[in-house]
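Just so it is clear, none of the values below were taken in a lab; they were calculated from the coordinates. In this text the structure is predicted, and so the values were computed from the model without any measurement. Every residue, glycine among them, receives a Cβ derived from its backbone with ideal geometry; neighbour counts consider all protein chains shown.
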Amino acid sequence: MRSFVNIIISAAVLLFALPLATNAQCKNFAKKVCRLELAPYIHDGNYNAAILTEGEDAELFKTFYAGQQYRIAICGSESLTKIEFMVMDVDRKVLYSNVKNNYAITWDFKVENTQQLIIWVKVPVVSPKTEELKSGCVAIMFGLKTN
């Protein structure tokens, strides 16, 4: 009976620790690979990364300040061939879509007024006939241009 309880406790610990380890690996991927896409812009210090599977999407809300020049960089692990991203205002008006720009991974822009924008990312389904969907780390990084 005691070994059964130990097995249950061990399984619970593994189920709790596995997502933390995966998330740490994803954050590490963002630090080592994606941050390089921001150059020559200065990284804002935040690592926004998550594991996404084909067909899944995510949103991030961020405030951008008037008069500043920014770069948004989106990157995914090698298993993900394309990452879609859009930048929208709070009314969900699309300001930029990388689909219209050959799936570019960066966008440079300047805001005239301080405002909150929505960054939407999606991992499109590449081959719907495949039974197993691919998943991997997707990172959204922000850089600020200094004069």
Just subtract the alpha-carbon distance of A39 and E59 from 0.36 nm times their residue separation and send over the number in nm, one decimal.
4.8 nm
Packing-wise, with mean Cβ within 10 Å as the measure, how do 25-33, 55-63 rank, highest first?
25-33, 55-63
Using θ = phi - 60° and Karplus 6.51 cos²θ - 1.76 cosθ + 1.60, couplings along segment 35-43 (whole Hz; Gly, Pro as x):
4, 4, 5, 7, 4, x, 6, 8, 4
Sorted by mean Cβ packing within 10 Å, highest first, what order do the peptides 100-106, 83-89 take?
83-89, 100-106
To the nearest 20 debye, segment 12-147 has a Cα-centred charge dipole, built from +1 on Lys and Arg Cβ and -1 on Asp and Glu Cβ, of 320 debye
For Y96, distant residues with modelled amide H under 5 Å away
V87
